[in-house]
Amino acid sequence: MAQRKSSPKKKSTARTDSELKGVSLLGNQNTKYPDTYAPEILESFPNKNPKSEAWTSFVCTEFTSLCPKTGQPDFARIYINYIADKKMVESKSLKLYLFSFRNHGDFHEDCIQKIADDLYNLMKPKYIEVIGEFTPRGGITIYPYVSLDNGSTRFKKIKDLRFSNYSPGKYTLELSRIY
């Protein structure tokens, strides 16, 4: 009878319960959708590769908020790009968080700044940028852009470079593909 060689154990990529301790929304069947701005709904989990540099991008194609003056809805695509450090944002909590703007009255620029600040405060990423592409209302389209870095020389350079080269569609969809 041939003897089997034991194969080397593979490192498990599954998350442990302790790693997901603060993540309560994922898998929850009783999701409650917030009806007001809710930054407290954001959840994070440990980045298993904090020494690596990798972009994570989210695109929310159905973002809505309210005009603070008229109460009319504003519609946008929101792009979130970040390079994680020790934490990453959990996507279901991000979806519910972005949904919480639905009844929130704020100017486009303020919504994008809030999103960038809230995500930065949650994760403390190496770098993050948030771009809003709001649909035209009254013949004007507004594309606010916010970027933040962790203060290290490397990521400050990335921020400065991307900020100085920013133009609508540069880091999202080319304008010619939209209109």
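None of the figures in this text is laboratory data; all of them are computed from the coordinates on show. All figures in this text were calculated on a predicted structure; none of them were measured in a lab. Here the Cβ positions follow ideal geometry from the backbone for every residue, glycine too, while neighbour counts run over all protein chains shown.
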Original post:
Quick one: how many residues across the range 69-83 are out of contact with any Ser or Thr (no Cβ under 6 Å at 6 or more places or on another chain) and either on the phi > 0 side of the Ramachandran plot or surrounded by 13 or more Cβ atoms within 10 Å (Cβ to Cβ) (or both)?
Top reply: 5
Subject >> Within the range 77-95, tally of residues that are assigned to a loop (DSSP other than H, G, I, E, B) and under 13 Å from the mean Cα position of the chain (by Cα) >> reply: 2
Original post:
Within the range 36-58, how many residues turn out to be under 11 Å from Ala84 (Cβ atoms) and either in contact (Cβ under 8 Å) with a residue 40 or more places away in the chain or touching a Lys or Arg at 6+ places or on another chain (Cβ under 9 Å) (or both)?
Top reply: 7
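Conditions (1) touching a helix residue (DSSP H, G or I) at 6+ places or on another chain (Cβ under 6 Å); (2) not charged (D, E, K, R), marked per residue:
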position	(1), (2)
Asn103	no, yes
Leu119	no, yes
Ile128	yes, yes
Glu133	no, no
Gly138	no, yes
Ser152	no, yes
Original post:
Can you tell me which residues in the range 50-76 are part of a loop (DSSP other than H, G, I, E, B) and under 18 Å from the mean Cα position of the chain (by Cα)?
Top reply: Pro50, Glu53, Ala54
Original post:
From the set of residues in the range 84-96 that are closer than 23 Å to Leu173 by Cβ and not hydrophobic (A, V, I, L, M, F, W, C), which is surrounded by the most Cβ atoms within 10 Å (Cβ to Cβ)?
Top reply: Lys95
**OP:** Would you mind stating whether Ile131 is in a strand (DSSP E or B) and buried (at least 20 other Cβ atoms within 10 Å of the Cβ)?
**Re:** yes
